[in-house]
Amino acid sequence: MAKQTVFKCFSLTAKGVLLIATLSSPLAFSAEEPLPSPSSAMETQGKEAQAQSPIAGFEFKPVKVTAADHTAHEVVEDVTEKVLAMIKHFQAQENPDTNEVATGFDLLLTPVVDFGYIARNVMGSTAKGKATDKQVQAFTETFKTSLIDTYTRGVTGFVNREVVVVPPEGDVSKQRRVSVLQEVKGPDGMNRVSYTLGINKSGDWQLLNVVLDGINLGRTFRNQFAQALKQANGDVDAVINNWGRKG
């Protein structure tokens, strides 16, 4: 068995849920549909953004997502390492620039996560039958922004935890969908996070779902959207406008 990879992780508790700042923990969604290829415009934008270093005093390196060159476990390890390095950089500052923090998370998460796909799955049947393309796009932006804002606000409150990326059992090199297990150890015990990654049409690994201690976060977000839509009497715009204002 391959040697386990250990990282020092930072976490925070928000709304009763432990958010692991590794791949995209609170960002999870159902993998019931095949993962679409991101648009060429989004791909180009992501690659150009990664080539820049917008964070002062921090060497920003592109995230490794190409399936031909990297395994799903390597992708998780790479993103974990980069996110934690960036958090340490900002924690060393007395008053970190929130715009830089948000930009950093955006640049790290965007190449690994298709936010448009996530939004459509969180919206569920609404995205297919009731919502317009404009509303789906608006929710995509709102969902992504609310996630980035959550991490940005929580940077100074992150505390040390040890993360073990557990090696796969057996050969998964030919699989197009792989689950990557992490064990997160801290003063209050251990949490287990399972990331499901799949290869999209562009040949890149993309996050499909996250299960935290047995809780399917993708299903949780979908249920939250459905409940919010019911409370809003089917008003999709109202749900979108209030999504990031919960709690």
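Figures for the structure shown
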| quantity | calculated |
| --- | --- |
| The range 230-245, residues that are modelled with pLDDT under 95 and either in contact with a Ser or Thr (Cβ under 6 Å, 6 or more places away or on another chain) or buried (at least 17 other Cβ atoms within 10 Å of the Cβ) (or both) | Trp243, Gly244 |
| Verdict on Val172 being within 16 Å of Glu74 (Cβ to Cβ), of a type in the set (A, V, I, L, M, F, W, C) and in contact with a His (Cβ under 6 Å, 6 or more places away or on another chain) | no |
| The range 144-157, residues that are farther than 28 Å from Thr71 by Cα and either touching a Pro at 6+ places or on another chain (Cβ under 8 Å) or buried (at least 17 other Cβ atoms within 10 Å of the Cβ) (or both) | Thr150, Thr152, Gly154, Val155, Thr156 |
| Pairs where the first residue, in the range 197-216, is outside any strand (DSSP E or B) and the second is of a type outside the set (S, T, N, Q) and modelled with pLDDT under 90, C-beta under 6 Å, 6+ apart | Asn200/Leu35 |
| Verdict on Gly154 being at pLDDT below 90, part of a helix (DSSP H, G or I) and closer than 15 Å to Phe115 by Cα | no |
| So Glu81, is it of a type in the set (Asp, Glu), modelled with pLDDT of 50 or more and either surrounded by fewer than 19 Cβ atoms within 10 Å (Cβ to Cβ) or not in a helix (DSSP H, G or I) (or both) | yes |
| Residue match in the range 41-54 (condition: over 18 Å from the mean Cα position of the chain (by Cα), surrounded by 16 or more Cβ atoms within 10 Å (Cβ to Cβ) and either modelled with pLDDT of 85 or more or not basic (Lys, Arg) (or both)) | no |
| Failed condition for Val75, given (1) out of contact with any Lys or Arg (no Cβ under 8 Å at 6 or more places or on another chain); (2) modelled with pLDDT of 90 or more; (3) part of a helix (DSSP H, G or I) | (1) |
| Pair list, Cβ under 7 Å, 6 or more apart: the range 136-165 residue free of Cβ contacts under 8 Å to residues at least 40 places away in the same chain, other residue surrounded by 15 or more Cβ atoms within 10 Å (Cβ to Cβ) | Val136/Ala119; Val136/Arg120; Val136/Met123; Val136/Ala127; Thr140/Phe115; Thr140/Gly116; Thr140/Ala119; Lys144/Phe115 |
| Of the criteria (1) under 20 Å from Asp204 (Cβ atoms); (2) not aromatic (Phe, Trp, Tyr); (3) not in a helix (DSSP H, G or I), which one Ala119 fails | (3) |
| Residue selected from the range 89-116 under the condition surrounded by fewer than 18 Cβ atoms within 10 Å (Cβ to Cβ) and part of a helix (DSSP H, G or I), by the criterion farthest from the chain's Cα centre (by Cα) | Gln91 |
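The values are calculated or read from the model by the stated rules, or taken from the named source; none is laboratory data. Because the structure is a prediction, the values reported are computed rather than measured. Please note: Cβ atoms are built from the backbone with ideal geometry, for glycine as well, and neighbour counts cover all protein chains shown.
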